[in-house]
Amino acid sequence: MSSKNYRKNISYKEDSREGTQVAGIGYSKGCRLAGCHREQIGIARAFAYGDFKNRRLYDPEHRPVTFQNKEEYKNNEGPTINHFYEKLFKLKDLMATEKGKELARERDEFMRTFVDQFYHEIQ
């Protein structure tokens, strides 16, 4: 999905905890999916949603994809770990303010460490 398509779905919300404005995509409400309130919450939420949708946790045969539209994204049946590459790792590049970018970079680093550890443990 091009950044132009993502930007059609971006909304802005004041983050009362930080007193800054952050950009968000659709229902993510700022960078919460990336874990702005708690890194662990964003990760847990991704896996809880994957479980709700009966998705596999990991499937080495099913690579992350780039979606062309919202419908493709909604109909995706890929494993949950792919969601980090398909959406969550992209959020940091969509933040509108310096504070939002700073928070998102921290959360991105935390998620990447988690994903690296995940792969290390399944080998």
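The rows are residues; the columns are (1) touching a strand residue (DSSP E or B) at 6+ places or on another chain (Cβ under 7 Å); (2) at pLDDT 95 or above; (3) surrounded by 12 or more Cβ atoms within 10 Å (Cβ to Cβ).
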site: 52; (1), (2), (3): no, no, no
site: 69; (1), (2), (3): no, no, no
site: 85; (1), (2), (3): no, yes, yes
site: 92; (1), (2), (3): no, no, yes
site: 98; (1), (2), (3): no, no, no
site: 105; (1), (2), (3): no, no, yes
site: 118; (1), (2), (3): no, yes, yes
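Quick check, is residue 59 closer than 26 Å to residue 122 by Cβ and loosely packed, with under 13 Cβ neighbours inside 10 Å? Steps first, answer last, please.
Working: closer than 26 Å to residue 122 by Cβ: yes; loosely packed, with under 13 Cβ neighbours inside 10 Å: no.
So residue 59 fails the test.
Filter region 73-112 for residues that are more than 15 Å from residue 42 (Cβ to Cβ) and either under 10 Å from the mean Cα position of the chain (by Cα) or free of Cβ contacts under 8 Å to residues at least 40 places away in the same chain (or both) and give the result. Scanning region 73-112 gives 74, 75, 76, 77, 78, 79, 82, 98, 101, 102.
The values are calculated or read from the model by the stated rules, or taken from the named source; none is laboratory data. Being a predicted model, the structure only gives us computed values, none of them experimental. Note that we place each Cβ from the backbone using ideal geometry, even for glycine, and neighbour counts take in every protein chain shown.
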